[in-house]
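Here's the structure we're looking at; comments come further down.
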Amino acid sequence: MYTQTYSQEVVNLHTHSFYCGHGSGQVSEYAQAAVDQGLALLGFTEHCPVPDSRWSRTRMAYEQMALYEQDVKAVQQQNLLTILTGYECDYLEQ
């Protein structure tokens, strides 16, 4: 396991792009802005979609998950900074 220590000033672990349904901008644009601001680590945390499309106004479509992950992977390969792919999930009792 690789471990890297980052100071608080150079990390953002809560970023939403257009995929989340209430954000805007492309993954690559956020990565470039992070580099421009001197960030060393950027985490994308799009709202996790659900198969039945509940909350569709604030979630990506379930079918967009692979495209979102591909977009982040493509930017990761540019080695501009460390980028993490994540999902912001909600608890559903059922």
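Values in this text are rule-based calculations from the coordinates and carry no lab data. Since the model is a prediction, treat every value here as computed from it, not as a measurement. In this analysis, Cβ positions are derived from the backbone assuming ideal geometry, glycine residues included, and neighbour counts consider all displayed protein chains.
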*Members of segment 43-94 found to be aliphatic (A, V, I, L, M) and farther than 18 Å from Ala33 by Cβ, listed by number*: Val50, Met60, Ala61, Met65, Ala66, Leu67, Leu92
*What is the residue count in segment 27-58 for residues that are closer than 14 Å to Ile83 by Cα and either acidic (Asp, Glu) or not in a strand (DSSP E or B) (or both)?*
13
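So that you can scan it fast, the table gives a plain yes or no per residue for (1) aliphatic (A, V, I, L, M); (2) within 12 Å of the chain's Cα centre (by Cα):
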position	(1), (2)
Ala40	yes, no
His47	no, yes
Arg57	no, no
Ala66	yes, no
Leu80	yes, no
Tyr91	no, no
*In segment 21-68, which residues are without any contact (Cβ under 8 Å) to a residue 40 or more places away in the chain and surrounded by 19 or more Cβ atoms within 10 Å (Cβ to Cβ)?*
Tyr30, Pro49, Arg59
_Those residues of segment 59-83 which are part of a loop (DSSP other than H, G, I, E, B) and touching a Pro at 6+ places or on another chain (Cβ under 8 Å), in sequence order_ = Arg59, Met60, Ala61
